[in-house]
Amino acid sequence: MQRAGLGRGSINTEVRYMRNKILGGVLLAASALLAACAGGGYVMAYGPPPPRYAVVGVAPGPAYVWTEGFWDLRGSRWVWQEGRWQRPPRYGASWVRPEWRREGNRWRYHHGYWR
């Protein structure tokens, strides 16, 4: 039985159109995920300013770890992100600090993470 005004060909066209939209969305999400796994968020032609140093102070409690500050790129400006005390997500986890690494003639930002 056919719906009024829609022939068999137009239903197939509609199904193909929806399938292509879903496939495009899946590919876009997959490429974003793979880009996030590439090891860094930014690539720049020049590196960040030298790191800032400050007095760390006393941990707010046992098991807290100091995570160092780092330079973040906001638009075309470098912005210093202060370090802070954090509790590890699990016992024995260690913090790997974020850093800018020179790769050829570019600089790539590698996010900090718990190992």
Once the dipole of region 43-114 is set up from charges on Cβ (+1 Lys and Arg, -1 Asp and Glu), the residue from the list 71, 104, 56 lying farthest towards its positive end is 104
Using 1/(1 + (r/R0)^6) with R0 = 22 angstrom and r between the beta carbons of residue 74 and residue 21, what's the FRET efficiency to the nearest 0.05? 0.05
For region 43-114, what D do you get in µm² per second when you plug the Kirkwood radius from alpha-carbon pairs into Stokes-Einstein at 10 °C and 1.306 mPa s? 116 µm²/s
May I ask you to derive the FRET efficiency for residue 64 and residue 106 from their Cβ-Cβ distance with R0 = 35 Å, giving the value to the nearest 0.05? 0.50
Along region 93-106, Karplus-curve 3J(HN,Hα) (6.51, -1.76, 1.60; θ = phi - 60°) to the nearest Hz, with x for Gly and Pro, reads 6, 10, 8, 9, 5, x, 7, 9, 10, 7, 10, x, 9, 10
In whole Hz, with x marking every Gly and Pro, tabulate ³J(HN,Hα) for region 46-57 from phi via Karplus 6.51 cos²θ - 1.76 cosθ + 1.60, θ = phi - 60°. 9, x, x, x, x, x, 8, 10, 8, 6, 7, x
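Each value in this text was obtained by applying a stated rule to the coordinates, not by laboratory testing. All values reported here derive from a predicted model rather than from experimental measurement. Cβ atoms come from the backbone with ideal geometry, glycine included; neighbour counts cover every protein chain shown.
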